[in-house]
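Student: Quick one: the structure is below, and I'll ask about it shortly.
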């Protein structure tokens, strides 16, 4: 592995630092204490998949009078989407929900760079699936790292698939 400069050394997230993948070892290797740019991208992709597959518990009407709770871990995830019909969903509202969820729970993506856009695909909508392109810049040194994601929401099951997308800007 090539030597990283001090500016390029990125720490893993707190969850990754607390997770012991090899409990038999008493010391972590240097590779496990710092992240490369590619590993950072992989971790953010994984964490966004976890975030989007979590269902926030309170109903929007129940929590809207509590703005601090609205943006806290009590509201981690997306609203329940399983059982919905693609044609009945306000996709612009869902775009805004995805963007706000990223703003609230993924601080490694620079807030002012997050863009979410629905991809209208009649074939996928017939299968009760919605597809979104998400782009943003990951905080990194010396320069931010561009992130492009393709996100598919299966409305039958509520499962969300997040994968690396094309580098076509959605801004």
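The values are calculated or read from the model by the stated rules, or taken from the named source; none is laboratory data. Keep in mind it's a predicted model, so treat the numbers as computed, not measured. All Cβ positions, glycine included, derive from the backbone under ideal geometry; neighbour counts span all protein chains shown.
Student: I need the full set of residues from the stretch 6-15 which are at pLDDT 70 or above and assigned to a helix (DSSP H, G or I), in order please.
Tutor: 14, 15
Student: Across the stretch 33-58, what is the number of residues that are surrounded by 18 or more Cβ atoms within 10 Å (Cβ to Cβ) and assigned to a loop (DSSP other than H, G, I, E, B)?
Tutor: Total meeting the criteria: 1.
Student: Out of (1) within 18 Å of the chain's Cα centre (by Cα); (2) modelled with pLDDT of 85 or more; (3) part of a helix (DSSP H, G or I); (4) surrounded by 11 or more Cβ atoms within 10 Å (Cβ to Cβ), what's the single condition that is false for residue 69?
Tutor: Status for residue 69: all satisfied but (1).
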